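Asks: Once you've had a glance at the structure underneath, I'll fire off some questions.
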Amino acid sequence: MIQSIVDLHRYPILDTQAGGGRSVVEACHRQFRETGLCMLPGFLQPEALSTMVGEAQRLSGEAHITEQYRGSDTSTDPRATHAKFGAVAYDRLADDSLLRALYEWDGLTSLVEAIVNQPLNRTSDPLVSCTLSYFSQGDELGWHYDSNEATVSLLLQAADEGGAFEFVPRTRGHGVDAKEREQAVLDGQAEHLISPDLTAGTLSIFNGNQALHRVSPNTGKRQRIVALLNYAAEADYVFNEQVHMRFFGRTSPSMRLFNSVSFVNKC
Ligand SMILES: O=C(O)CCC(=O)C(=O)O
Ligand SMILES: [Fe+2]
């Protein structure tokens with residue numbers, strides 16, 4: 001099954017202790033240690049990528065649009081963060097969804113753990129564990145930090161103009177004057193900005209809790225679609241209700257049923 005999802009020729013990660021798998025992990029770990037960002041282009045098999053895009057497009061109509069000006073863990077500078085994009089929760093992925101299968105594959109958790117060199121667990125959140133974000137024309141996710149130890153994203157469809165992922169390594173952390181660096185980033189003067197030309201099917205792993213990063217405004221017509229796969233150091237981690245409400249406009253799977261029933265009644 002997993003061989004029809006992940007390109008195991010390019011990334012022989014069934015065994016990360018020996019041979020090619022070990023080399024992949026070592027190279028990724030080095031990238032992650034040096035910059036806090038590691039990318040695996042062409043991680044998905046082309047057919048799996050188009051199946052995932054198909055599922056994401058089928059679900060796009062029910063994306064909850066979130067718009068906010070400050071996240072819960074933004075920089076010290078009040079100019080951060082404007083965010084507007086659509087989000088679909090984990091419970092909307094089909095039982096036979098390839099994205100769900102990839103997230104629930106223990107081999108991926110082991111790979112991420114090896115790259116970041118820290119024990120991690122998939123989160124137990126019925127909504128946030130693995131989500132889809134949709135950036136339509138004009139949407140963006142302004143400069144921010146994440147609260148997770150490590151963020152894993154899988155780009156399913158790139159924008160045709162704008163919608164770029166930008167990342168400033170080690171904006172904050174030990175012995176760093178975060179305020180000065182954050183201001184430079186927000187002034188457009190960041191010294192070490194990384195702006196990779198991400199292609200669809202790329203898996204990225206980054207320490208978004210130490211590096212300011214953003215998705216620049218999508219100025220093109222094509223929707224940018226990205227899957228976010230969440231992990232936590234603690235077992236059975238569940239995000240709080242504020243996060244659920246902000247991204248999905250509901251707090252639990254049953255609320256969705258309740259909302260759609262009341263919606264039908266109003267029609
Ligand atoms: O869409 C992306 O590539 C990054 C998303 C992100 O930074 C986030 O959801 O916190
Ligand atoms: Fe982020």
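The values are calculated or read from the model by the stated rules, or taken from the named source; none is laboratory data. Quick caveat: nothing in here was measured; it's all calculated off a predicted structure. Don't worry about glycine lacking a Cβ; one is built from the backbone with ideal geometry, like all the others, and counts go over all protein chains shown. Ligands, DNA and RNA are excluded from the accessible area calculation, which covers all protein heavy atoms including side chains. Shrake-Rupley method; radii C 1.70, N 1.55, O 1.52, S 1.80 Å.
Asks: Just tell me, in residue order, which DSSP H segments of the chain are both 18 angstrom or longer along the helix axis (alpha-carbon based) and at least -0.5 in mean Kyte-Doolittle hydropathy. Don't skip to the end; give the middle numbers.
Replies: Numbers: long enough: 19-35 (24 Å, -0.85); 46-59 (20 Å, -0.09); 253-266 (20 Å, 0.02).
Sorted by number, the helices that extend far enough and score high enough are 46-59, 253-266.
Asks: Tell me, what are the semi-axes, in whole angstrom and largest first, of the equivalent ellipsoid of the chain as set by the roots of 5 times the Cα gyration tensor eigenvalues?
Replies: Here the semi-axes work out to 27, 25, 18 Å.
Asks: How much net charge surrounds D160 when only the other residues with a Cβ under 12 Å from the Cβ of D160 are counted, with Lys and Arg +1 and Asp and Glu -1? The partial results should precede the final answer.
Replies: On the way: positive: K221, R222, R224; negative: E161.
Overall, the nearby charge balance is +2.
Asks: Scale the Cα Rg of the stretch 1-157 by the rule-of-thumb value 2.2 N^0.38 Å and send over the ratio, two decimals.
Replies: Compactness ratio reported: 1.11.
Asks: What number comes out for accessible area per residue over the chain if the probe is 1.4 Å? Units Å², please.
Replies: Value for the chain: 48 Å² per residue.
Asks: Here is a further query. Express the carbon and sulfur contribution to the solvent-accessible surface of the stretch 113-156 as a percent, rounded to the nearest whole number, probe 1.4 angstrom.
Replies: For the stretch 113-156, the apolar C and S fraction of the accessible surface comes to 42 percent.
Asks: In whole Hz, what ³J(HN,Hα) sequence does the stretch 223-228 give by Karplus (6.51, -1.76, 1.60; θ = phi - 60°), x for Gly and Pro?
Replies: The phi angles translate into 5, 8, 10, 9, 9, 10 Hz.
Asks: Would you kindly state how much longer the chain becomes between S110 and S4 on full extension, computed as 0.36 nm times their sequence separation minus their alpha carbon distance, in nm to one decimal?
Replies: Working: separation 106, 0.36 × 106 = 38.16 nm, distance 1.87 nm.
Additional length available on full extension: 36.3 nm.
Asks: Hey, another quick one. Run the dipole for the stretch 52-183 about the Cα centre, Lys and Arg Cβ at +1, Asp and Glu Cβ at -1, nothing else charged, and hand back the magnitude in debye, nearest 20.
Replies: Details: 11 positive and 22 negative charges, 54 e Å.
For the stretch 52-183, the charge dipole is close to 260 debye.
Asks: Of all the accessible heavy-atom surface of the stretch 174-232, with the other protein chains kept in place and a 1.4 Å probe, what percent is carbon and sulfur?
Replies: Roughly 44 percent, rounded to a whole number.
Asks: Moving on to the next point. Could you go through the stretch 190-200 in sequence order and give the Karplus-derived ³J(HN,Hα) for each residue, using 6.51 cos²θ - 1.76 cosθ + 1.60 with θ = phi - 60°, rounded to whole Hz, and x for Gly and Pro?
Replies: 4, 7, 10, 6, 9, 10, x, 7, 6, 9, 4
Asks: Per 5 Å bin from zero, what fraction in whole % of the C-alpha pairs of the stretch 120-229 is there, up to the bin with the longest pair?
Replies: Calculated P(r), rounded to whole percents: 2, 12, 20, 23, 19, 14, 7, 2, 0.
Asks: Can you find, among F167, S124, A178, the residue farthest towards the positive end of the dipole of the stretch 114-182? Put +1 on the C-beta of Lys and Arg, -1 on that of Asp and Glu.
Replies: S124
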